[in-house]
1. Quick one: what pairs do we get from the range 318-346, first residue surrounded by fewer than 20 Cβ atoms within 10 Å (Cβ to Cβ), second of a type in the set (Asp, Glu), C-beta under 6 Å, 6+ apart or different chains?
2. For the range 510-539, give me each residue that is among the hydrophobic types (A, V, I, L, M, F, W, C), at pLDDT 95 or above and in contact with a Gly (Cβ under 9 Å, 6 or more places away or on another chain).
3. Considering 241, 227, 199, 137, which residue is among the acidic types (Asp, Glu) and touching a Ser or Thr at 6+ places or on another chain (Cβ under 6 Å)?
4. Quick one: how many residues across the range 347-376 are buried (at least 23 other Cβ atoms within 10 Å of the Cβ) and over 19 Å from residue 122 (Cβ atoms)?
5. Quick one: count up the residues across the range 516-533 that are within 16 Å of residue 560 (Cβ to Cβ) and either within 23 Å of the chain's Cα centre (by Cα) or not hydroxyl-bearing (Ser, Thr, Tyr) (or both).
6. Quick check on the range 26-70: of everything there that is hydroxyl-bearing (Ser, Thr, Tyr) and either farther than 24 Å from residue 287 by Cα or not assigned by TED's automatic domain parsing to the domain that holds residue 301 (or both), which residue is modelled with the lowest pLDDT?
7. Just for the range 534-549: of the residues that are over 25 Å from residue 137 (Cα atoms) and either of a type in the set (Ser, Thr, Tyr) or surrounded by 16 or more Cβ atoms within 10 Å (Cβ to Cβ) (or both), which one is nearest to the chain's Cα centre (by Cα)?
8. If we keep just the residues of the range 71-115 that are farther than 19 Å from residue 362 by Cα and touching a strand residue (DSSP E or B) at 6+ places or on another chain (Cβ under 7 Å), which is modelled with the lowest pLDDT?
Amino acid sequence: MKHLVSIFIIILLVSCHSKNNKKPTTPSKKSQPNIVWIVTEDISPTLSFYGDNTAKTPHLDALAKESLVFDNAFAVVGVCAPTRSSIITGMYPTTIGTMHMRTGQDVMNLGKRTYKETDRTDLKGNAIIQYSAVIPENVKCYTEYLRSAGYYCTNNQKTDYQFAAPVTAWDENSNKAHWRNTPKGQPFFSVFNIGTTHESQLWKKSNLPLTVNPKDVKVPPYLPDNEATRKTIARHYSNIELMDTEVGAFISQLKSDGLYENTIIFFYSDHGGPLPRQKREIYDSGLKVPFMVKGLAKKGRTNRMISFVDLAPTMLSLAGIEPPKHLEGHAFLGEFEAKKRDYIFGSSDRFDEFTDRIRAVRNEQFLYLRNDFPELTKYKDVGYRKHVPMMPTFLELKEENKLNDTQQLWFETKTKEELYDCKADPHNINNLAENPQYASVLTKMRATLETHLKNRPDLGLQPEAKLINEMWPNFEQPITDNVTLSTSTALSTGSVGTPHGKTITLTCATQGASIGYYVSDKPDEKLDLNSRWQLYSKPISVAKGKTIYTIAQRIGFKESKIVSLKL
C-alpha cells in the first residue's frame, strides 16, 4: 500500500489519498486471536443483562456473565445500511457518501446487480436512481487488512453496505460461510447476521404464537398504550427469545469445535429498536444498542462510550494491526487502543421516500440534535414502516386527535435544536434547548458538533441527485479497468506454485481498485464471485499448467471483467 498524499474533499473531484495513511503493520502470530461476531438487528438495550427481564434470554445472559458489557454503545444512524457502511469502513457515512437509506439493491452476486429509476426524490425534488455509493479511493473494507495479515474472513450473510461488497472483502460471503471452512493454521474472523429481530419480522412472524404476554410488556411513553401496541411489542420480545436460541446454537458450535475458550466473541445489534419512533431516529431509541465482548481479560461492565465507526480500527487492533490513519473511528480494545472518547456522533438523512437532514452529538449525559429543516415533521410517512402491526391504529388515533401530548410530538414539526438529559429523561421527551438553565450545556454541545463537522466533509449537505452524478458521471456507473497480468520466470516455490512456473504481477489502472485472483487446474472454470478469491497484495508464483483468474473492483464501480491466463 503506497503512502497517501492528501485528504479528499469531494468524491471523484479531489484525490482521496492521505499522507498519514500507511500500510498496516504485520502482526505476530500470537497477536492473531480467532474472532466471531454475532450481529442481531433492530434491538435497543431491552435485554435482561441491561435490566429488562421481559424476554427470557438464557444464552445471552450466560454470555454476558463472561463478557465485558458496554453500557454506552451507539450506532451512527438509526437504520441498518448507513450504519453497516460505517462498520465495514471505519468511516462516518456523511464523510464517504453512504448516509442515505438506501442507495440501491443489496444483491450479493455482483454480476446480477441492477439499478433502476425510483419514485424517490431529494430535498430539491430531483429524481434519485438506485446506485452503488462510490466512496473515497483510499477507503477499503477493513477485512482486506485482516486478510492481508493472514486472517480467513467469512460473512454469513448480510452486507447492506450501500455498495456491493467487492470480492476482495471476504474469503466467503454467503449463507454457507463459516469458520469451519478455515484452512488449517489460519486465524479466522467470522460474522453471523441474525435477522429474526428485524422490523419486518414484526409482521412476518405474526402467525407464530407469542412467547411473551402482551400484558407484561412496558409501553414507552411516546407510543399509545393499547392492544395493538402491546401485541406488537410482545411480538418483538418473542422474536428476541427466538434470536437468543440462535445465539445459543453458535455458542454450542464453538464449544463442540473446542474453540469457545480461545475465541473473542462480539454480540451487538446493528441499531436500536424496530418500533415507531425507534428505528430511523437518532434519539437513544434509534442509536443506543446492546453490546458485549467475551474473551477479554476484562469482564463486567463499562461506561466507556463507543461508536460503530470504532469497530473497524478495534478489529485491526485486536489482530495486532495498526489501524490506517485515515480511519475516523478509534480502537477501544487491543494493542492500539486509543484514549476514551467523550462524544459520539449521529446523522439522519434520507429514509426510503423521505429526505431530511439532522446531525447529533451525545456525551454520557446529554444528547443534542441540530435540525437543518425544522419545518419538516419528525414523523416520516415511510411506506415500509406501515406494515408494523400497530401502525394503522397509531395513525388512526393521530387522525382522531386521541394521542396525548407526548405521543403527538412525533407528528409535529421540529425546532431548530433539541437537547435532552438522557439520564433524567431516557426516552428523550423533554426538549431542554430553550431552557435557560441548560444554556451552557447547549452551547458546548453545539460547538462540539460544529467542530466535528468542520474537520471532515459532509456529503449530505448537497442534493443527493448531484452527489450521484459526481459518483456516477451522467448517472452511469463507472467501470473498473481490467487487470493487467505481467509474468516472469519463477525462481523458487511460491505459495500457489512450484519451480519452473511463473511469477505473476497484477495491476489495475483504476485508482483505489482492489484485485482478487484465483488459481485453478481448470482453464475454463465457472467461478463464484462470493468465495474463493484471494486478495492480491504482492507478486505470486503460479505453477506451469495452472490457470490464474483475476478481477478488480473500486468500491462503487462496476467490477472489471474476469481476465485469465493459462501458464
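1. 336/322
2. If the condition is that a residue be among the hydrophobic types (A, V, I, L, M, F, W, C), at pLDDT 95 or above and in contact with a Gly (Cβ under 9 Å, 6 or more places away or on another chain), then 519, 533, 535 are the ones that fit.
3. Answer to the check: 241.
4. Number of matching residues: 6.
5. Matching residues across the range 516-533 total 4.
6. Within the range 26-70, the first condition is being hydroxyl-bearing (Ser, Thr, Tyr), and the residues that meet it are 26, 28, 31, 40, 44, 46, 48, 50, 54, 57, 67.
Of the ones still in play, those that are also either farther than 24 Å from residue 287 by Cα or not assigned by TED's automatic domain parsing to the domain that holds residue 301 (or both) are 26, 28, 31.
Numbers: 26: 56, 28: 52, 31: 70.
It comes out as 28.
7. The qualifying residue nearest to the chain's Cα centre (by Cα) is 548.
8. Selected residue: 108.
The values are calculated or read from the model by the stated rules, or taken from the named source; none is laboratory data. These numbers were taken from a predicted model, which means no experiment stands behind them. For neighbour counting, all protein chains shown are included, and Cβ atoms are generated from backbone atoms with ideal geometry for every residue, glycine included.
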